[in-house]
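**Student:** This is the structure, below, for whatever I ask next.
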Amino acid sequence: MRCPRCGANNDRVLDTRASADNASIRRRRQCNLCGCRFTTHERIERRLPRVVKRDGSREPFDRAKIERGLNSACQKRPIKGPELDAFIDGIVAEIEQGGRDEIPSQSIGALIMERLRTFDPVAYIRFASVYSAFDDVSQFIAAVRHIGDPFPSDGKRDPGPPGT
């Protein structure tokens, strides 16, 4: 590692710790030349496919785009940050495990919608309305019918099958 202060390539590791999610290693270092202390992070380099857009252009996979879309869809929903992060991790893992060099953006959107439908029906409708670019109310109504009626006519959530 090069020292951020003097640029020397001569340092020692003072402390090594795994990150909270065990996805990276944090190392505290000190430059042997100037004494500057700095932190580095090591991450596994993941091999994710390139995304083929609707217009045929290609771009690198960007997890941040999924995060932005889902943050908007889940805004003001009772979904905690770690819960949403785990949801996104599952999507990224499935894409990575596909082992493909390229993936159509429509496949990513369909995967997100498939999982979001059971994760949070309201977020599903919000995401679908933007992703599918609804032109009229009938498309919106069809999307709501697609998820079923999560609330019975009395307005209370169905607790699920007995014994669960």
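Values quoted throughout were computed directly from the atomic coordinates according to the rules given, and no laboratory measurement underlies them. Nothing here was measured: the structure is a model prediction, and the numbers come from that model. Cβ sites come from the backbone with ideal geometry, for glycine too, and all protein chains shown count toward neighbours.
**Student:** At a 10 angstrom cut-off on C-beta neighbours, averaged per residue, how do the peptides 111-124, 77-90 rank from highest to lowest?
**Tutor:** Values: 111-124: 18.2, 77-90: 13.4.
Highest to lowest by the protection proxy: 111-124, 77-90.
**Student:** Any idea how far apart E102 and C36 come out in nm if each label point goes 7 Å out from Cα toward Cβ?
**Tutor:** Rounded to a tenth, the inter-label distance reads 4.3 nm.
**Student:** Could you check how many percent of all C-alpha pairs in the stretch 76-121 are farther apart than 16 Å? Mind showing how you got there, number by number?
**Tutor:** Details: 434 of 1035 pairs.
Percentage above 16 Å: 42.
**Student:** Follow-up question, since we're still on this one. Under the classification rounded if a/c is under 1.5, otherwise prolate if a/b is larger than b/c and oblate if not, where does the stretch 1-79 fall, given a ≥ b ≥ c as square roots of the Cα gyration tensor eigenvalues? Please list the in-between numbers first.
**Tutor:** Details: a/c = 3.13, a/b = 1.95, b/c = 1.61.
Prolate shape, in that a/c is at least 1.5 and a/b is the bigger ratio.
**Student:** Let me know the shape class of the stretch 38-137, please: from the alpha-carbon gyration tensor, a ≥ b ≥ c as square roots of the eigenvalues, rounded when a/c is under 1.5, otherwise prolate if a/b is greater than b/c, or oblate.
**Tutor:** Details: a/c = 2.03, a/b = 1.21, b/c = 1.68.
Cα axes put the stretch 38-137 in the oblate bin.
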